[in-house]
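The values are calculated or read from the model by the stated rules, or taken from the named source; none is laboratory data. As the structure is a prediction and not an experimental result, all values here were calculated from the model. So basically every Cβ, Gly included, is an ideal-geometry build from the backbone, and we count neighbours across all protein chains shown. When the accessible area is computed, the model is the full protein with side chains, heavy atoms only, and any ligands, DNA or RNA have been set aside. Shrake-Rupley method; radii C 1.70, N 1.55, O 1.52, S 1.80 Å.
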Amino acid sequence: MCVFAAVQRHHHGGSAAHRIRAAGLVLLCCHLLFVGWLTLRPLSVPWVAPANLRPFASIHADLLSGPRAALEGIGGGLALLAPLGVLLPMAVGRVTSRLGSWARTVFAAAMISLGIELVQPAVPGQVANVDALLLNTTGAALVHLLCYPALRARLRGAVRQERPGARRFAPPEDGDQGATPRTPRVGIAP
């Protein structure tokens, strides 16, 4: 009980921020479980294409195959890890700079996608594709750029609601701020 109380004292923000963070963690775990099931399940197919290690080769092939194949191939690649662009900052729950959050989110999405692509060749019916890595990372980056300002405002509002005494700096109405505080002189000990 004492350890739990000590841990709770060090949390910044209030219960609304904790609820947002907890919801982000639950949704992130559910999404990653779904992605793992979707990309790493064995497929029974009569033939498997070789692994694509040349960037933009499968994107080019999808574009040449027509709009439906392009939408399925490219759109599916962009959408697979796109929710990470919102879920990762939501799960972290820290309101940081937009560029720092974007860089962390893109790096995490790239590492998750890389992990999937490294494990896929060991699964029957699945092959590695470097374009999937590029599309997955791009999808998460785009969603983060589009949705992070609203998420950041929501997180800041949740933290601000829990601390009503915390205000932003407001300049004084008049120019006089009073006398400068002075520290009393202390003599040197003999």
So residue 20, is it surrounded by 14 or more Cβ atoms within 10 Å (Cβ to Cβ) and closer than 21 Å to residue 117 by Cβ: no
Within region 100-113, does at least one residue satisfy the condition of being within 27 Å of residue 47 (Cα to Cα), without any contact (Cβ under 8 Å) to a residue 40 or more places away in the chain and open to solvent by less than 20 Å² (accessible area, probe 1.4 Å)? yes
Among (1) of a type in the set (Gly, Ala, Ser); (2) assigned to a helix (DSSP H, G or I); (3) at pLDDT below 95, the one test that residue 179 misses: (2)
Checking residue 126 against (1) part of a helix (DSSP H, G or I); (2) over 11 Å from the mean Cα position of the chain (by Cα); (3) farther than 15 Å from residue 74 by Cβ, the condition it does not meet: (1)
Take region 23-40 and flag every residue that is under 17 Å from residue 117 (Cα atoms) and open to solvent by 80 Å² or more (accessible area, probe 1.4 Å). 33, 34, 37
